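Quick notes on the structure that follows.
The values are calculated or read from the model by the stated rules, or taken from the named source; none is laboratory data. The structure presented is a predicted model; accordingly, all values stated were derived computationally and were not measured. As a convention, Cβ positions derive from the backbone with ideal geometry for all residues, glycine included, and neighbour counts pool all protein chains shown. Side chains are part of the model used for accessible areas, which takes the heavy atoms of the whole protein and leaves out ligands, DNA and RNA. Shrake-Rupley method; radii C 1.70, N 1.55, O 1.52, S 1.80 Å.
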Amino acid sequence: MENKWEAVIKLCKSRGFMFPSSEIYDGFSGVYDYGPMGVELEKNIKAKWWKDIVHRNKDIFGINSAIFTNPKVWEASGHTSNFSDPCTTDKKTGIKYRVDHLLEKIGVDCNGVTDIDKIKKLFNDSKKLIKIEGVDVNDLQDPEFVNLLVESNLNKTKFEKTYLRGETCQGIFINYKNISNSINKNIGFGVAQIGKAFRNEISARQFIFRLREFQQMEMQYFDFPNKSRENFERFKKLSFEFLISLGISKENIRYKDHDNLVFYCKNALDIEYKYPVGWKELEGIHDRGDWDLSQHQKFSKTTMEFFDEMTKKSYTPNVIETSIGVERLFLAVLLESYTEEELPDKTTRVVLKLKPEIAPIYIAVLPLFKKENLKQKAVSVFNILSNDYVCLYDETQSIGKRYRRADEVGTPFCITIDYQTLEDETVTIRNRDSMKQDRVRISDLKKSLSPDLFD
Ligand code: ATP
């Protein structure tokens with residue numbers, strides 16, 4: 001197989017999973033668009049997360065907060081002052097590089113280090129070991145912090161600066177009181193949200209791994225301080241199980257504890273995925289203590305405390321957070337399912353072995369030939385099935401090519417309508433993975449379309 005990373009990027013474009021944004025205008029760095037297959041896969045991944053995290057847990061609820069907020073939110077959260085990455089600039093080209101990433105490559109961890117002098121020292125001490133193709137490391141300037149918040153001019157007359165949200169969770173924190181009042185719960189509940197986030201990333205490279213506009217699926221669990229450990233373990237396990245249920249294999253994910261914790265964080269780990277470019281963060285799980293709510297209490301002068309009738313004490317709840325990027329997961333799912341198989345005739349077929357539950361198209365309906373009576377019959381089968389499944393009707397090119405296209409986007413079942421269909425109301429069903437074909441009556445079709453036929 002050619003490099004899997006390159007193969008998946010190619011497939012994303014050719015089969016309509018992802019397109020570089022504004023490609024006809026030479027693109028726009030760090031921004032991508034979902035194509036017809038991508039949008040289905042993305043929706044299915046998000047729907048599965050919502051089901052597993054929100055609907056299957058009786059103590060977790062959802063919200064959908066706005067992208068814009070009063071700019072004070074970002075002051076309170078610390079983003080206007082601290083949401084930054086250490087960066088060095090090549091004096092000759094002006095290209096910026098993340099210092100933490102350069103150091104990580106040579107085994108130096110500066111994650112969570114907020115003192116710029118410490119970072120400068122780490123960087124200068126190990127500068128001679130850093131390697132960037134085509135760059136003389138002596139041309140790299142001293143590190144500086146670059147803020148990642150994306151500014152906007154919305155409501156500019158009223159506020160000096162407004163921002164697109166840098167993370168979705170602040171929408172949850174600022175609604176904490178509204179939520180707890182509306183669900184009539186004091187403590188021991190979680191709030192989940194899926195939505196866009198924006199970051200002025202220093203170097204948006206590596207396809208959709210590091211984007212400037214992306215989506216997060218986040219959950220914040222509010223509870224008593226003494227429940228933090230237990231909750232942390234609960235969501236660490238739940239997050240892992242969710243990834244496995246999406247078809248990610250155990251060997252390709254691992255927990256990585258943070259060596260340096262951000263000052264307000266009591267405990268933190270990443271779930272990393274083994275991308276072809278190395279082990280990289282897919283999800284973060286953090287014990288944020290009462291930092292966020294206390295900050296919003298301080299800045300908004302609105303109490304975030306609750307009174308516990310049992311202990312007769314007031315608490316600011318502790319928060320355990322899980323945060324996963326939709327696009328990083330989308331990419332992991334594609335990499336995981338991308339398979340090349342050599343067939344008996346020595347040709348190679350590309351097949352995405354996606355879990356049927358998240359496949360963009362569940363069934364491809366294919367008339368064997370472009371004859372009017374076959375096409376009409378195929379459309380009537382499409383109409384019956386599309387009430388219950390996402391189907392694709394495809395009559396172009398040879399049947400072999402259509403099977404290949406269906407395999408390449410991970411379609412679990414192909415249904416072919418041929419002359420026999422017109423005589424006895426039967427069709428063939430082809431299984432994506434085994435490529436076995438069975439003849440089935442149209443009236444019995446639904447029984448033969450179970451996702452359980454795939455492991
Ligand atoms: P990194 O260290 O890779 O920059 P981070 O620690 O800044 O990530 P968080 O702020 O914890 O990331 O965000 C939570 C999740 O959101 C990450 O685990 C990742 O899946 C996703 N994410 C963060 N930044 C990006 C980005 N620029 N592009 C795509 N996904 C992102």
Quiz item: Restricted to the range 345-368, and to residues that are without any contact (Cβ under 8 Å) to a residue 12 or more places away in the chain and over 30 Å from the mean Cα position of the chain (by Cα), which residue is farthest from Ser443 (Cα to Cα)?
Solution: Lys346
Self-check item: Residue that is touching a Cys at 6+ places or on another chain (Cβ under 9 Å), over 21 Å from Lys196 (Cβ atoms) and either in the same structural domain as Glu40 (by TED's automatic domain parsing) or not acidic (Asp, Glu) (or both), where the choices are Asp308, Asp287, Asp292
Solution: Asp287
Practice problem: Return the only residue of Glu342, Glu336 being open to solvent by 10 Å² or more (accessible area, probe 1.4 Å) and free of Cβ contacts under 8 Å to residues at least 24 places away in the same chain. | Solution: Glu342
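Please return the ranges of strands (runs of 3 or more DSSP E) entirely within the range 371-455 where 2 or more residues are under 31 Å from the mean Cα position of the chain (by Cα).
It comes to 391-393, 413-417, 426-431.
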Exercise. May I ask you to verify whether Thr411 is surrounded by 14 or more Cβ atoms within 10 Å (Cβ to Cβ) and farther than 19 Å from Glu357 by Cα?
Key: no
Quiz item: Any residue at all in the range 168-187 that is farther than 26 Å from Arg56 by Cα and either crowded, with 19+ Cβ neighbours inside 10 Å or at pLDDT 95 or above (or both)?
Solution: no
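In the list Leu103, Leu122, which residue meets the criterion of being free of Cβ contacts under 8 Å to residues at least 60 places away in the same chain, in a helix (DSSP H, G or I) and within 16 Å of the ligand (Cβ to nearest atom)? Talk me through it step by step, then tell me what you get.
Working: Leu122 fails: within 16 Å of the ligand (Cβ to nearest atom).
Just a single option satisfies the conditions, and that option is Leu103.
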Practice problem: Could you please find all residues in the range 288-341 being of a type in the set (Val, Ile, Thr), within 16 Å of the ligand (Cβ to nearest atom) and out of contact with any Asp or Glu (no Cβ under 9 Å at 6 or more places or on another chain)? | Solution: Val333
Quiz item: Right, Phe123: open to solvent by less than 10 Å² (accessible area, probe 1.4 Å) and over 30 Å from the mean Cα position of the chain (by Cα) or not?
Solution: yes
Quiz item: Which residue out of Tyr255, Tyr221 is surrounded by fewer than 17 Cβ atoms within 10 Å (Cβ to Cβ), among the hydroxyl-bearing types (Ser, Thr, Tyr) and away from the ligand (no atom under 11 Å from the Cβ)?
Solution: Tyr255
Self-check item: Qualifying residue in the range 78-100 (condition: within 16 Å of the ligand (Cβ to nearest atom), under 25 Å from Lys256 (Cα atoms) and touching a Gly at 6+ places or on another chain (Cβ under 8 Å))
Solution: yes
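For every residue, the table says whether it meets (1) open to solvent by 10 Å² or more (accessible area, probe 1.4 Å); (2) in contact with a Pro (Cβ under 7 Å, 6 or more places away or on another chain); (3) among the aromatic types (Phe, Trp, Tyr).
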{"site": "Val277", "(1), (2), (3)": "yes, no, no"}
{"site": "Gly284", "(1), (2), (3)": "no, no, no"}
{"site": "Trp291", "(1), (2), (3)": "yes, no, yes"}
{"site": "Phe307", "(1), (2), (3)": "yes, no, yes"}
{"site": "Val319", "(1), (2), (3)": "no, no, no"}
